[in-house]
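*Asks:* Supplied in structure tokens, the structure appears directly below.
Quick note: the coordinates plus some simple rules give every number you see, no bench work behind them. Keep in mind that this is a model prediction, so the values were computed, not measured. Please note: Cβ atoms are built from the backbone with ideal geometry, for glycine as well, and neighbour counts cover all protein chains shown.
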Amino acid sequence: MPHNRTKALEHGHDNAVAPPAGETVKPGSSELTASTTTEEPGTAKTGGPAQLGTNETIAPLDQFKVDPSDQPLTTNQGVRIADNQNTLKAGLRGPSLLEDFILREKITHFDHERIPERIVHARGSAAHGYFEAYDALTQYTRAAPFAEKGKITPLFARFSTVAGERGSKDTARDARGFAVKFYTDEGNWDLVGNNIPVFFIQDAMKFPDLVHALKPEPHHGMPQAASAHDTFWDFVSLMPESTHMLMWVMSDRGIPRSYRMMQGFGVHTFRLVNEQGESVFCKFHWTPLQGTYSLVWDEAVKISGADPDFHRRDLWEAIEAGEFPEWELGLQIFTEEQAESFSFDVLDSTKIVPEELVPVTPVGRMVLNRNPDNFFAETEQVAFCTAHVVPGIDFSNDPLLAGRIHSYSDTQITRLGGPNFHEIPINTSLAPVQNNQRDGLHRQAVHRGRVAYEPNSLAGGCPFQGGASQTGPSGFVSFPDTNAEDKVRGKPEKFAEHYAQATLFFNSQSAVEQAHIVAGFRFELSKVGVPAIRERMLSSLVNVSPDLAAKVADGLGMAVPAAMPKAMENPEPAEVNQSPALSMMSLPGEGGVRTRQIAVLVEDGVHYASLASLHSALTNAGAVVHFVGPKVGLFAGVGDSGDKTGEEIEADKSMENAPGFLFDALVIPDGSEAVQTLVDNGDPMEFVKDQFKHCKTILALGAGRKLLEMAGIDSAAGQDPGILMADSADAAGIAPTFIDAVAAHRHSSREIDPPAK
Ligand code: HDE
């Protein structure tokens, strides 16, 4: 805190000038500041529509907000600065003086502005929000967020890519982090998951190896944010346990359309523990209400050039527009006895528990309703740690999880500069913190008194320990798991089965999704320089699906090798051979076009009335409509006769700054003169071709169909539900069909590999 508000009071001054409170989002309903909602159930579940962002996390952050409005410029010591333009010099053309403490303080601070980036998940975006419980879950857990129906728990969620550095692109093929910090009544609980429910490795011992193989190769620092290179494929082809995760990453899950449109998973098996100390196993699932959607590869590659912040911008803009993204939290709850009967081991993070074996029960929703005020202070400095659990949540013996419990707190010590990172405002608990830990770099708390030990009599025994009972606010008690085995380095038997669920995943995909997996492997392996690595990977894929291996081999111009010998040749038969929930196409979508970005091309001579009526139909449906011209600015509209009406349309984007692949759908306008100019310009044709190639919806009004003819795709109208044509007079009439077509996300039936001319 740069200004000590209490100091003047300590010395008896009452005229201290406190800085004005930082600007925050205007408080909405005060209901969200209460610990339970008072709303009547508004939807089938509980709660009503999300409200503008205000929640309990604002208060602790507010104390630290700095607002410079009407304030003079000062040094860090509070000394007013008279001249912020010139260094102190011995004469106007003379040498600068060492005594210029103002210059030295400014430059010194600047020199240390950067902190180490996260070793993985360096690039991310975050938002504040809240969790609302649908019902009390007290029969399973005493965790505070699930204590009663309608209970609200503030939270901060960060989404990230894994491999790329902090300044890398958003649309790389990669897993995505999905980390949620719940500020519960009983302390912070961090659920640090991914958008993919399994992981590459089974044991924490292999994590540094995995990351060293995945990150840019150390001799030349390439490639950035991508796994398309030798060291990664060398490692994973030698680690068949990675195969299941590879299937997910090579699938469309590796290139999400938006952070708002991806699932999240806790990955490991966790424990829920109730008041009576009884425990069940649990897997956490987040499902987006916006639907689960992806990009296509060509689109992802192009977007990474035109807008490396594509996902960051999307999350930020949706929240700014009041389109608060929402996810449903679902739990798979099962007993230890059930777990023992499964053909796989639930302590193995390369395995899912198929929903056909244990259904996902919806238990609440997460709404993100407030953007951070400061990227560094909040998004960069937030420290998620799997060790941060609260009473009612406990760990399983998953050996990958065990390593994480250590790693996250440990890494913050370097990244955030010492052991007091819990005092950084975004990391502070809403529950009071009292203990005898003292000092260390950057300590903020001013502990009073002489006692920093326990037991003590001088401080009346305080702070006192809660006791070992599981009930009430007595404190965290680890579940007394019974373990009576030899101390060994090794793996349980079922960990040796590496392919059944990779096959389950592949077989549960639609034909289009399977084709994308083939193309994903083909692309990545085509970048691998050492043929033996490609061949080894192919031999592993034979064990997943001979069909998959054959298609990838064909794409690489190679023969299919013999199957890689399996670690376990005769595993227990899998219980489930098809799981529709694994296909994104079977997941519930939002069904509408809210927040979808629609480009409407404009030029001078564009038919005004048809665009105006389409614009209002689309914006009423929640779509974000952008008029895209050869340059930004005003363009003259015409009427049915082609004469200027005096009305103008303002292009808020240009074809140069917003190429076609950034949009979810395209409208080509009517107006002969405008269309002729569009035809004569190369950029609109690129728009049409990319939209077509990426299987998006295109609507051509009136004369605009000429652009479709030029692109050779006019004949698709009537056959392809995503290619629409209408007269200007029917612009309002076609709007519902267009909206439905955009809501379908993509019209994959038109996809050809390699793409049509
Ligand atoms: Fe992480 N991981 N991880 N990880 N991870 C980090 O922590 C680690 C794993 C995940 O938005 C680091 O604060 C080990 C699985 C997310 O800030 C680090 C192992 C899953 C984030 C670390 C794993 C994840 C991280 C880097 C294997 C999905 C970003 C900086 C034993 C369930 C959180 C940091 C954020 C970040 C270690 C495996 C997800 C180094 C040792 C499995 C979402 O501590």
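*Asks:* With labels modelled as points extended 7 Å from the Cα through the Cβ direction, what inter-label distance (nm, one decimal) is found for residue 631 paired with residue 376?
*Replies:* 3.7 nm
*Asks:* Could you work out the relative contact order of the chain? I mean the mean sequence separation of Cα pairs under 8 Å and 6+ apart, divided by the number of residues, in percent.
*Replies:* 11 percent
*Asks:* Can you compute the modelled spin-label distance between residue 74 and residue 737, with each label point 7 Å from Cα toward Cβ, in nm?
*Replies:* 6.7 nm
*Asks:* Within segment 142-231, list the GluC sites (Glu not before Pro) lying in a DSSP loop whose Cβ has at most 12 other Cβ atoms in a 10 Å radius.
*Replies:* none
*Asks:* Could you compute the FRET efficiency for residue 109 and residue 309, with r as their C-beta to C-beta distance and R0 at 25 Å, rounded to 0.05?
*Replies:* FRET efficiency, residue 109 to residue 309: 0.40.
*Asks:* Taking only C-alpha pairs under 8 Å that are 6+ residues apart, what is the relative contact order of segment 496-586 in percent?
*Replies:* Worked out over segment 496-586, it gives 44 percent.
*Asks:* List the pairs from 215/757; 181/302; 106/215; 65/106; 283/693 whose alpha-carbon separation is above 30 Å, in the order I gave them.
*Replies:* Distance filter (> 30 Å) returns 215/757; 181/302; 106/215; 283/693.
*Asks:* First measure r as the distance between the Cβ atoms of residue 435 and residue 493, then evaluate 1/(1 + (r/R0)^6) with R0 = 35 Å and state the FRET efficiency to the nearest 0.05.
*Replies:* Step by step, r from the Cβ atoms, then E = 0.25.
*Asks:* Arrange the peptides 223-233, 104-114, 522-532 so that the one whose residues have, on average, the most other Cβ atoms within 10 Å appears first. Don't skip to the answer; put the middle values down first.
*Replies:* Details: 223-233: 20.0, 104-114: 10.6, 522-532: 15.3.
Highest mean packing first, the order is 223-233, 522-532, 104-114.
*Asks:* Let me ask something else about it. List residues of segment 95-126, by number, whose backbone nitrogen lies under 19 Å from a label position 7 Å along Cα→C-beta of residue 84.
*Replies:* It comes to 100-113, nothing else.
*Asks:* While we're here: In a shell of Cβ-Cβ distance under 10 Å around residue 398, excluding residue 398 itself, what net charge do Lys and Arg (+1) and Asp and Glu (-1) give?
*Replies:* Charge balance near residue 398 sits at -2.
*Asks:* Using a Förster distance of 30 Å, how high is the FRET efficiency between residue 117 and residue 405, based on the Cβ-Cβ distance and rounded to 0.05? Kindly include the intermediate steps, with their values, before the conclusion.
*Replies:* Values: r = 22 Å, r/R0 = 0.74.
With R0 = 30 Å, the Cβ-Cβ based efficiency is 0.85.
*Asks:* Loop only by DSSP, 16 or fewer other Cβ within 10 Å of the Cβ. Give me the GluC sites (Glu not before Pro) in segment 234-284 that pass, ordered by residue number. Working shown, then result.
*Replies:* Numbers: sites: 241, 275, 278; in loops: 275, 278.
Taking segment 234-284 and a limit of 16 other Cβ atoms within 10 Å, the loop GluC sites (Glu not before Pro) found are 275, 278.
*Asks:* Enumerate the aspartates and glutamates that residue 689 could reach by cross-link, defined here as Cα to Cα under 18 Å, with residues fewer than 8 away along the same chain left out.
*Replies:* Answer for residue 689, where 18 Å is the Cα cut-off: 298, 299, 656, 664, 680, 709, 714, 720, 751, 753, listed by chain and number.
*Asks:* Let me ask you something else. Which distance in nm do the two modelled labels at residue 530 and residue 567 give, with both placed 7 Å along the Cα-to-Cβ direction?
*Replies:* Inter-label distance under the simple model: 2.1 nm.
*Asks:* Between residue 477 and residue 523, 0.36 nm times their residue separation minus their Cα-Cα distance comes to what?
*Replies:* Going from the current span to full extension adds 11.6 nm.
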